[in-house]
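As structure tokens, the structure follows; a few thoughts come after it.
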Amino acid sequence: MMRRGRLRGAATILIAVCLGLFSAAQTPASAVTPTAQAQRTAAHRSAQPPDQPGASPVSSTEPAPRDSDYTPAGCYTPTPRKGTASCFAMVRTSGRRVMADASEPPATALTPSDIRSAYHLPATGQGQTVAVVDAFGYSSAEADLAVFRKQYGLPACTTESSCFRKVDQRGGTDYPADDVDWSTETALDLDAVSSVCAACHILLVEADSNAVSDLSAAVGTAVSLGAKFVSNSWGAPDSAAAGQVSDTEYNQSGVVITASTGDIGNAVEWPSSIPDVVAVGGTTLTAAPGTSRGWTESA
């Protein structure tokens, strides 16, 4: 769930960049982007892929994100094993956490209409496909997405209607095992896509693990299935990704690939560091009635 006044992770700015690009280009194939806050009671530890030979945690001076109301999700780690990536989801864990009533959104929620208003996003997207790449499985992705969209009065997006599609990193249906922590990140991404482009189709590509090689393969699959905009709300310190995979999958002619820079300043994250990738940082978005925009924003 998104909270009014603070949208954690590389979220609405990344959304606005991507949708602005595809809207300007008016290409008849795809769109994209990531994160919006989902509800959970606590963070858990993230499942790790099998250790690679000689793999060891990468030393990093990067601290964990600090916020009195939020805790990094279990899939976040400032010191990932070499060749693996971390998510950037933040989980609301303060005592002031407000649960949504089944009949309406919480009063403190930052809603899809708020995001569209803040970024002056057009009510378009018909025929566009948003590609979201994340690690591990999320078996209830479609069902959970249905709850979010119904909560905010958005049209249904289902497999049956061809609006929603989920594939593994090879484009098939051999989905990886579920991971509760990465599912949180994926939920944020799917909710955010729905928030900014309710008419867009959604393609979810689940990588076998959070190994950068698997995630990169998933990016390639998203492009091969027709996505012109591919969202990646995860990353790894450059030192963790160095030499583990080629940047080729991220250099796609005619395709906009975006990647989160993380929730912490002064840290270089891959793949957002790749020259051909649109690197996007998170912001704090606050309602400001009486101003020309109606919102204020800070990095």
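The values are calculated or read from the model by the stated rules, or taken from the named source; none is laboratory data. All values derive from a computational prediction rather than experimental measurement. Every residue, glycine among them, receives a Cβ derived from its backbone with ideal geometry; neighbour counts consider all protein chains shown.
If I filter the range 248-258 for residues that are without any contact (Cβ under 8 Å) to a residue 60 or more places away in the chain, surrounded by 23 or more Cβ atoms within 10 Å (Cβ to Cβ) and assigned to a strand (DSSP E or B), do I get at least one hit? Yes: one or more hits. Out of Ser209, Ser162, one residue alone is among the polar types (S, T, N, Q), under 24 Å from Pro72 (Cα atoms) and touching a residue at least 24 places away in the same chain (Cβ under 8 Å). It is Ser209.
Which residues, taken from the range 276-287, are farther than 12 Å from Asp114 by Cβ and either in contact with a Ser or Thr (Cβ under 9 Å, 6 or more places away or on another chain) or surrounded by 20 or more Cβ atoms within 10 Å (Cβ to Cβ) (or both)? So that I can check it myself, show each step before the final result.
Quick first cut of the range 276-287, residues farther than 12 Å from Asp114 by Cβ only: 276-284.
Listed by number, the residues that qualify are Val277, Val278, Ala279, Val280, Gly281, Gly282, Thr283, Thr284.
Only residues that are crowded, with 24+ Cβ neighbours inside 10 Å and not in a helix (DSSP H, G or I) were counted across the range 167-187, and they come to 2. Considering the range 108-124, and only residues there that are part of a loop (DSSP other than H, G, I, E, B) and more than 30 Å from Asn210 (Cα to Cα), the residue that is nearest to the chain's Cα centre (by Cα) turns out to be Leu121.
To keep it simple, each residue is scored yes or no on (1) at pLDDT below 90; (2) among the hydroxyl-bearing types (Ser, Thr, Tyr); (3) closer than 18 Å to Gln169 by Cα; (4) in a loop (DSSP other than H, G, I, E, B).
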| position | (1), (2), (3), (4) |
| --- | --- |
| Ala217 | no, no, yes, no |
| Ala222 | no, no, yes, no |
| Ser231 | no, yes, yes, no |
| Gly235 | no, no, yes, no |
| Gln244 | yes, no, yes, yes |
| Gly262 | yes, no, no, yes |
| Gly265 | yes, no, no, yes |
| Ser272 | no, yes, no, yes |
| Pro289 | no, no, no, yes |
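Do you know which of the residues in the range 54-74 that are within 17 Å of Ser213 (Cα to Cα) and either of a type in the set (A, V, I, L, M, F, W, C) or modelled with pLDDT of 90 or more (or both) is surrounded by the most Cβ atoms within 10 Å (Cβ to Cβ)? Here the residue is Val58. The numbered conditions (1) of a type outside the set (D, E, K, R); (2) buried (at least 24 other Cβ atoms within 10 Å of the Cβ); (3) in contact (Cβ under 8 Å) with a residue 60 or more places away in the chain are all true for Leu190 except (3).
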